[in-house]
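The values are calculated or read from the model by the stated rules, or taken from the named source; none is laboratory data. On a predicted model such as this, the values are computed, not experimentally measured, just so you know. Here Cβ is always computed from backbone atoms with ideal geometry, including for glycine, and neighbour counts include all displayed protein chains. These area figures cover heavy atoms from the full protein model, side chains too; ligands, DNA and RNA do not enter into them. Shrake-Rupley method; radii C 1.70, N 1.55, O 1.52, S 1.80 Å.
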Amino acid sequence: MNSTMGIAVKDIKYFFRERGTLFWTMAFPILIMLLFTAIFGRQIPFNATIGLVNNDNQPTLSEGLISVFNSTGLFTIKNFTTQTDALKELNATTVRAVITIPQNFSQDLMSLGHATVSLVVDGTSPDAAQLIRSAFKTSVVAYYKAVLNYTEPITVDEETSFVGQKVGYKENLVPGMLCYPLLFSSMVVSTGAIVYERERGTLKKIRASPIRPINVLIGKTIAALFQTAITILIMAVLAVTLLAPALNWNVQLLIPIMFLGSMNGIALGLIISCIGRAPQEASNAATTIAIVLQFFIGMYFPIEYLPTYLQQIGKVIPMTYAAQALRDIMIRNATFADLLIPMLTLTLSAAILYGIGVLLYRRWVEK
Amino acid sequence: MGQKMIIEVEGLVKHYGEVKAVDGVSFSVEEGETFGLLGPNGAGKTTLMEIMCGLRRFDQGKVTIHGFDLVKDSIKVRASIGFCPQETLLYDLLSVRENLAFSAALYSMSSKKFKERVEFSSKVLGVSEFLKRRVQQLSGGMKRRANLAASIIHDPPIVILDEPTVGFDPTIKREFWELIRNLKSYGKTVLLSTHDMYEADEICDRVAIMEKGKIAALDKPHVLKKTIGGEPSLHIKVKESRVKKALKILEKYKCTVVADEIQVSATNPWEIMTEVSDKLVSQGVYTDKVEIVEPSLEDVFIKLSGRRLTEEEGEK
């Protein structure tokens, strides 16, 4: 057996013997996928309890409004007799908003063509507050149009354009989730590669042998790729079975992108591993870098959410191209030609990172 | 013993910051020789060995191993050496055989050659009984044997052992010496470091005594003992701590006291042995021990440095 494969085989055997490592390698993607499925796998990924105080003397119209609001499916209505009681629960955060319909609501609406409804929203959760406001206003407009035959002055003819798949939230999320192992698993696995050998003392054995630094790094990379592939596989299988997203699983394109993305993550981990003086130090560094990077690469939200200057940083991080390429393949049905630039970028960045890795190995490990 | 020099070290210097860990060391080792680096902790033995194995850089000098320059042909030098450091460099969760396979892979060894070498290790180092066991299940002695087997799995002409028996009990130590002698019988050149003078005396053809990064003396153990260690001396231990009275009785002899033991120096201690013993007994001083002690490498070291080999701790 050659020395590169020797290192890879040894590391893979060790991976299977270290039960804790094996367990967490399996548990990580399973937990993440179960969690994401629980959160985002539902048809409507939001549900909040809303307090309702209906003081309307002739509740025919007000009940119609509540019925429209309720039909959004985003809320669970909890009835109160007084606004004071409802606001107490709002303060206790058991309800997210309180809708109060006044005594003369139906009467005013019929006679004046106008009525006022009070909406008090819990502002401590801005996202939920925004969603409740928006849903309520939409319901009011919809109801108004239906009951009073109201016509909006300008009609917006709305259409959503999809290049490739028609996607929902989970379809957009799954490619981002598949970036998880590319970023976290690959980096965390490879971060231990050199620093643990140093800690065990076995690095001396490797260094005293005629193996070249690049062969050490390649051997470590093969083992790390194997472990990362296990995580990717588990996540992909669970994504398909639990979320059943309507995505294009073009394996011929997904594999090279995932391979190149993992290579970048692994190379970064190896660099940290070469510099790290202790496993804990290296592990902390890898975790910190991975957590920071996840916000730059568009895993969960588009990088357009970032301020312009941070977007520029995101654009020079190779993993951003991997994340985008995964979305392009799975959502936009990208072809090989469409992926040439991200592939070349990822290949070039991996080569640069490995070059740095070899230099650091010589500088820090062989010093 | 062959005539070819397989290791040549010339004017080697290594600094750790301001500290000169290796200070102009020069020596050469003949092919098939067992060569010892003897010295206390901190003398620079480990640093010297790690330099020779390519594990540390050096500031000055030249090292040629198996005909290859250490700097220019580092890969070939490494392939020629089997390095076995003080600590056990094995993977606990792998079996001994798997550890050997990993070591063999580092030298890109074929599976056929690997099988032969495992057989060799089984025969010469006695690892066959625990080949399939995981390292974490082995005793300390077994681990050391497995460690040595892994270090020489690639059949190197040179074996470098750093303090190979440190921490061993006497029985296992002697077993290990036998293993080292076995290696020599297979034509291996062995370079070992130790601070155990008996070990150096027992198994080394030649010994370099190191002190503060320098070689203070280098020769065959018996030559060092004879030329530097001095003559044999009579060692007497008297009962009931009557050292003072004994010294008075023996005042005409050249006596020194080392740890409650009277050491009588004489050109020929065998001649005075009976006379000294009789004198003490006749005046009521009885003895626990009266013996003639040949000079040891410890004496050589004391003569060279003015202190004992085991006085210092904490080698870097």
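Key figures
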{"item": "Flagged links, alpha-carbon separation over 29 Å, of A:K220/B:K72; A:K205/B:K214; A:K13/A:K205; B:K115/B:K220", "result": "B:K115/B:K220"}
{"item": "Evaluated at q = 0.08 Å⁻¹: base-10 log I(q)/I(0), Debye formula over Cα of the protein assembly as shown", "result": "-0.79"}
{"item": "Carbon + sulfur, % of accessible area of chain B - ligands and nucleic acids excluded, 1.4 Å", "result": "48"}
{"item": "Accessible area buried at the A-B interface, both sides summed, 1.4 Å probe (Å², nearest 100)", "result": "2600"}
{"item": "Low-density loop positions, GluC sites (Glu not before Pro), region B:1-59 - DSSP coil, at most 15 other Cβ in 10 Å", "result": "B:E18"}
{"item": "Stokes-Einstein D for region B:64-172, Kirkwood Rh over Cα pairs, 37 °C, 0.692 mPa s (µm²/s)", "result": "229"}
{"item": "Dimensions (Å) - region B:1-91, Cα atoms, principal axes, largest first", "result": "38, 36, 26"}
{"item": "Loop sites in region A:219-281: chymotrypsin sites (Phe, Trp or Tyr not before Pro), DSSP, at most 13 other Cβ within 10 Å", "result": "A:W249"}
{"item": "Directionally averaged projected area (convex hull, Cα atoms, region A:1-67), nm²", "result": "8.2"}
{"item": "In region A:2-71, trypsin sites (Lys or Arg not before Pro) in a DSSP loop with at most 16 other beta-carbon atoms within 10 Å", "result": "A:R42"}
{"item": "Over region A:211-367 - Rg/Rh using Cα atoms and the Kirkwood inverse-distance radius", "result": "0.99"}
{"item": "Prolate/oblate/rounded label for region B:72-113 (Cα gyration tensor, a/c 1.5)", "result": "oblate"}
{"item": "Chain A - share of DSSP beta bridges that are antiparallel (%, nearest 5)", "result": "25"}
{"item": "Peptide B:94-106, shielding by other chains (average Cβ, 10 Å cutoff)", "result": "5"}
{"item": "Cα radius of gyration and Dmax for region B:83-141 (Å)", "result": "11.3, 30"}
{"item": "Estimated translational D of chain B in µm²/s (Stokes, Kirkwood radius over Cα pairs; 20 °C; 1.002 mPa s)", "result": "99"}
{"item": "√(5λ) per eigenvalue of the Cα gyration tensor, region A:298-367, largest first, Å", "result": "29, 17, 9"}
{"item": "Chain A: radius of gyration and largest Cα-Cα distance (Dmax), Å", "result": "27.6, 94"}
{"item": "Region B:153-274 - convex hull of the alpha-carbon atoms, volume per residue in Å³", "result": "178"}
{"item": "Per residue accessible area of region B:190-316, 1.4 Å probe, in Å²", "result": "55"}
{"item": "Histogram of C-alpha separations across region B:183-222, 10 Å bin width, %", "result": "27, 54, 17, 1"}
{"item": "From the C-alpha gyration tensor of region B:118-213, square roots of 5λ in Å", "result": "23, 16, 12"}
{"item": "Hits among lysines - C-alpha to C-alpha of B:K279 under 23 Å, sequence gap 8 or more where chains match", "result": "B:K237, B:K239, B:K244, B:K245, B:K248, B:K252, B:K254, B:K289"}
{"item": "Among beta bridges that DSSP assigns inside the protein assembly as shown, antiparallel share in %, nearest 5", "result": "60"}
